[in-house]
Amino acid sequence: MTARIIDGKAHAAALRARVAAGVAAFVDSTGRAPGLAVVLVGTDPASDVYVRSKGKATLAAGMIGTEHRLSAETTEAALLALVGDLNADPAVDGILVQLPLPRHIDAAAVIAAIDPDKDVDGFHVVNAGRLAVGAPGFVPCTPLGCALLLEEVLGDLSGLGAVVIGRSNIVGKPMAQLLVDRNCTVTIAHSRTRDLKSVVARADIVVAAVGRAEMIRGDWLKPGATVIDVGINRVDDAHGRRLVGDVAYDEALAVAGAITPVPGGVGPMTIAVLLRNTLVAAHARSGLPAPAL
Ligand code: NAD
């Protein structure tokens with residue numbers, strides 16, 4: 001058996017096309033385009049790549065993207081002042097502060113300062129709380145992208161056993177909540193989990209969000225399982241410099257029913273969902289019903 005490869009790029013392109021159509025309709029009814037402000041502090045190369053690709057995707061969807069690039073020496077007070085300005089700017093529907101922030105800045109304080117209704121990354125505690133109680137709000141882009149991919153591949157997820165490996169606020173925890181909301185029976189595994197292999201072996205759905213290259217081996221998987229690999233790990237070995245996921249991809253191909261590649265799986269969905277969230281924010285802020293996406 002060879003697993004079906006889940007083409008994240010194609011699914012993301014389809015979502016982006018639906019968002020672009022939604023943007024055009026929004027412009028028709030309101031006379032303005034949705035606006036996304038992205039803030040980058042410092043010169044972290046990976047963050048720079050993410051910010052550039054978010055900027056490009058925003059423009060391609062017909063939205064107004066503004067980039068605020070601040071020096072690594074920017075004070076927390078100056079960053080909070082910028083967030084305050086963006087909160088007050090009626091042309092800004094979504095605000096994203098790229099993480100990680102330099103160590104002298106308290107990231108939690110900055111996220112707390114973002115207007116929850118412009119928090120398109122879904123990191124504000126108000127949005128985390130909304131997700132926890134099932135109220136409408138913004139859900140972090142990566143786990144929501146994973147949930148959308150799972151629904152595209154499997155349809156109804158009701159009753160399936162899922163393991164989420166990783167318990168970060170950005171990926172693991174919201175992922176587990178999204179799966180519970182979709183009626184999965186969910187196990188959250190993490191660095192203190194005992195016998196991870198046997199936990200994984202029971203799961204119909206495996207979402208790996210650890211950040212350890214190829215940690216999850218093919219022979220851990222239940223045959224036919226659907227594997228969503230969130231991990232992005234840079235390795236330099238006999239095969240050269242490349243990106244690999246948290247799952248040993250070649251081994252998993254022989255056992256899984258479907259699997260996301262790295263790159264080209266979850267990553268493209270993350271940006272597409274950011275655009276989706278921004279369009280949803282623009283509708284809510286304009287008093288319009290949520291768009292069908
Ligand atoms: P994190 O470091 O905040 O969390 C990692 C989690 O893995 C922790 O909860 C920890 O308990 C768990 N863990 C660590 N060692 C473990 C072990 N041996 N066994 C089981 N669990 C273990 O990371 P994160 O921000 O959640 O990101 C996870 C990975 O996903 C990283 O590789 C990151 O680069 C990637 N990521 C990708 C995207 C994307 O768009 N594709 C977005 C966000 C994160």
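Quick notes on this one:
- In segment 243-268, residue least open to solvent (accessible area, probe 1.4 Å) [restricted to those that are part of a helix (DSSP H, G or I) and without any contact (Cβ under 8 Å) to a residue 60 or more places away in the chain]: Y249
- Any hit, segment 235-242, residues being more than 9 Å from the ligand (Cβ to nearest atom), surrounded by 23 or more Cβ atoms within 10 Å (Cβ to Cβ) and in a loop (DSSP other than H, G, I, E, B): no
- Residues in segment 165-185 that are closer than 16 Å to M269 by Cβ and aliphatic (A, V, I, L, M): I170, V171, M175, L178, L179.
- Count of residues meeting criterion [of a type in the set (K, R) and either closer than 9 Å to V163 by Cβ or surrounded by 17 or more Cβ atoms within 10 Å (Cβ to Cβ) (or both)] in segment 195-221: 1
- Candidates L101, L150, filtered to the one that is outside any helix (DSSP H, G or I) and within 16 Å of the ligand (Cβ to nearest atom): L101
- Residue count for segment 153-170 under the criterion of being part of a loop (DSSP other than H, G, I, E, B) and open to solvent by less than 20 Å² (accessible area, probe 1.4 Å): the result is 2.
- Within segment 180-199, being more than 10 Å from the ligand (Cβ to nearest atom) and β-branched (V, I, T) holds for V180, T185, V186, T187.
- Count - residues of segment 3-46 that are modelled with pLDDT under 95 and over 18 Å from T270 (Cα atoms): 3
- For segment 55-73, the set of residues classified as out of contact with any Gly (no Cβ under 8 Å at 6 or more places or on another chain) and surrounded by 13 or more Cβ atoms within 10 Å (Cβ to Cβ) consists of A57, A60, A61, G62, H68, R69, listed by residue number.
- Any hit, segment 237-248, residues being among the acidic types (D, E) and at pLDDT below 95: yes
- Taken over segment 31-54, the residue count meeting the criterion of being open to solvent by less than 30 Å² (accessible area, probe 1.4 Å) and assigned to a helix (DSSP H, G or I) is 3.
- Those residues of segment 205-228 which are more than 19 Å from T185 (Cα to Cα) and in a strand (DSSP E or B), in sequence order: I216
- Candidates V120, V97, V83, filtered to the one that is open to solvent by less than 30 Å² (accessible area, probe 1.4 Å), touching a helix residue (DSSP H, G or I) at 6+ places or on another chain (Cβ under 6 Å), over 26 Å from G8 (Cα atoms) and modelled with pLDDT of 95 or more: V83
The values are calculated or read from the model by the stated rules, or taken from the named source; none is laboratory data. None of the values given here were measured: they were computed from a predicted structure. Counting neighbours? That spans all protein chains shown, and the Cβs are built from the backbone with ideal geometry, glycine included. Please note that ligands, DNA and RNA were not included when accessible areas were found on the heavy atoms of the full protein model with its side chains. Shrake-Rupley method; radii C 1.70, N 1.55, O 1.52, S 1.80 Å.
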